[in-house]
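Below is one structure, written out as structure tokens; comments come after it.
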Amino acid sequence: MPTTKIKPAKGAGSIPEQAERWGVSTDWVRKQIASGALKIYRRGKIIRIKDGDMDALFTTYGGDR
């Protein structure tokens, strides 16, 4: 099974940055936010998602990783 490499965590990113980092659509990220599965941090109009919060949505199955 091929493995997907993600960009190294840098702290936090915008919705488009996190979507690109994980190879998903911005709509998918927004749906995760709307469902409550993903926490956002807001300051005025700026929205950030912590890398660790985004990483927690994805789980590795099988193998010793």
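Are any residues in region 7-18 part of a loop (DSSP other than H, G, I, E, B) and either modelled with pLDDT of 55 or more or of a type in the set (S, T, N, Q) (or both), and if so, which ones?
Across region 7-18, the qualifying residues are Lys7, Lys10, Gly11, Ser14.
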Notebook entry, point to check: What do you reckon, is Asp53 touching a strand residue (DSSP E or B) at 6+ places or on another chain (Cβ under 9 Å) and modelled with pLDDT under 95?
Noted result: yes
Next item on the list: Could you please find all residues in region 33-62 being within 15 Å of Lys10 (Cα to Cα) and either part of a strand (DSSP E or B) or touching a residue at least 24 places away in the same chain (Cβ under 8 Å) (or both)?
Entry: Arg48, Ile49, Lys50, Asp51, Gly52, Met54, Asp55
Checklist line | Looking only at region 21-32, and only at residues there that are touching a residue at least 12 places away in the same chain (Cβ under 8 Å) and assigned to a helix (DSSP H, G or I), the one that is least open to solvent (accessible area, probe 1.4 Å) | finding: Val29
Next item on the list: Can you work out which of the residues in region 35-61 that are basic (Lys, Arg) and surrounded by 12 or more Cβ atoms within 10 Å (Cβ to Cβ) is nearest to Trp22 (Cα to Cα)?
Entry: Lys50
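The values are calculated or read from the model by the stated rules, or taken from the named source; none is laboratory data. These figures come from a predicted structure and were not determined experimentally. Glycine also receives a Cβ, built like all others from the backbone with ideal geometry; neighbour counts cover every protein chain displayed. Each accessible area value is taken on the protein alone, full model and side chains, heavy atoms only, with ligands, DNA and RNA left out. Shrake-Rupley method; radii C 1.70, N 1.55, O 1.52, S 1.80 Å.
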